[in-house]
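A quick write-up on the structure given underneath.
Read-outs throughout are calculated quantities, based only on the coordinates presented, and are distinct from any laboratory measurement. None of the values given here were measured: they were computed from a predicted structure. Please note: Cβ atoms are built from the backbone with ideal geometry, for glycine as well, and neighbour counts cover all protein chains shown.
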Amino acid sequence: MTARESDVNPFLQGNFAPWRLEGTADDVEVIGAIPRELNGTFYRNGSNPAYEPRGRYHWFDGDGMIHAITLRDGRAAYRNRYVQSDGLKEERAAGQALYPGLLDISPTEAPRFKVTGNTNIVHHAGRLLALVEAALPTEMQAGTLETLGLYDFGGKLFGPMTAHPKLDPETGEMLFFGYSPFPPYLQYHVADRSGALVRSEVIDVAWPSMMHDFAVTRDHVIFLLCPIVFSVENLQRGGQLFSWEPERGTRLGVMPRSGGNADVRWFDTDPCYVFHPMNAYDDGDAIVLDVSRYSSLRFMNPEAARDPSMTEDAGARLHRWRIDRRGGGIRSTPLDDVTGEFPRVDERLVGRKHRFGYLAASTPEDLQGKEPVWSSIKKYDLERGTSTTRRLGAGNGASEPLFVPRNDAAGEDDGYVLALVYDHARHGSDFYILDAQDIAGEPIAQIRIPNRVPYGFHGNWVPAT
Ligand SMILES: [Fe+2]
């Protein structure tokens, strides 16, 4: 009998292994005390394959599963549901996986993609949207987490949507883009405060690329064109759909929000890959953009995906770009030599100057499992150039940390950092509520999730109304 993918692929093992039960738990056990001002729901999305993969598995392939932790009056409830995509329904009917993963896309068959909706979950204009790399959003019912189906902005969105829209804290707009391996390679869209899609524009790019995220400021949009190139030729030669071509360098496209495609200016920097910016802001004639920067993209390589060490060189590090719009250059400054991913800032400062940022960082000395994990939560004070790390303990791992202010008027780091944490010894999961001004201290509350929550991607907080 040949080995199952689950037996050999670290992204299907330890806390990457899928959790396949869906459930609801009221009044979950809490260690400590949940702050009473935290009233709302933390939604977290992640990849959770419902069936044993039919071929090679990449972490980005799994079906979406939403985990919702609702906090009310100091108590916590938990619910999890799959994103019931049409592809998953088809697989349920067949009783097995039917779709190829990213690493097994055939050069000869027409590609079949499942819109897993597995990457992010955002709330805008009363809609809860599960998002994936390059497809339509899947609308979910808040509360029940029932899947309502694909959402195309009332028939107005033609083309895919990124998993990383930006919500402008002043205008209430949702700014986003969509990319495609086929023309048009890139489009930019704006939904207004009420959720109406009011703008769609094709943006010219030098090559078709996997553009996972972007950045916005109060006045600009920044597209990140990295040298990961869609290459059907490469696929037909037996290679991957994505090819890493560092000789192209990386280009940052700056577009005034009041302008359009004709106004995009491209600025060159060293080859790298960025999944996630932390934030960006205007600073006179410059734009400051903080990102988690990979010097190359081994992460997309199937062999690297099987490499349990996830070596330091393969990781991303916090990095600052200062784009001089007048002079034309980019000043590039590494901010850390420790690797970290899933950077976030106070959502009230998206596109505005931030002092503090948070991410999931690696602490190699705590790695005891064989799967690659981010084993600490780190807070940066970018004004002082300092950082604070909360280590989570041997074998434990962090998800993306999310800052939630104590109240609407609270200062930038006056609030809480929320994160799902894997407890290796218990093979279970806790939801941490940390004091953002003392993240190295003991959690204010530790909510014991009744099932294990596999390592996933992104989450957001939706305050109770
Ligand atoms: Fe992402």
Calc'd 3J(HN,Hα), segment 86-101, phi into Karplus 6.51 cos²θ - 1.76 cosθ + 1.60 (θ = phi - 60°), Hz, glycine/Pro = x, comes to 4, x, 5, 4, 4, 5, 4, 5, 7, x, 6, 5, 10, 9, x, x
Need the list of aspartates and glutamates near Lys114 for cross-linking: C-alpha distance under 17 angstrom, and skip anything on the same chain fewer than eight residues off.
Glu52, Asp61, Asp63, Asp86, Glu90, Glu91, Asp104, Glu133, Glu139, Asp152
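Enumerate by residue number the trypsin sites (Lys or Arg not before Pro) in segment 390-449 meeting two conditions: DSSP loop (anything except H, G, I, E, B), and at most 12 other Cβ atoms within 10 Å of the site's Cβ.
Answer in residue order: Arg426.
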How far is it, in nm, from the label point at Arg322 to the one at Ile31 when both lie 7 Å from their Cα along the line to the Cβ?
4.4
Cα-based reach from Lys378 at 27 Å (exclusive), listing lysines while leaving out same-chain residues under 8 positions away:
Lys166, Lys353, Lys370
Relative contact order of the chain: what whole-number percent is it, with Cα pairs under 8 angstrom and at least 6 residues apart?
14
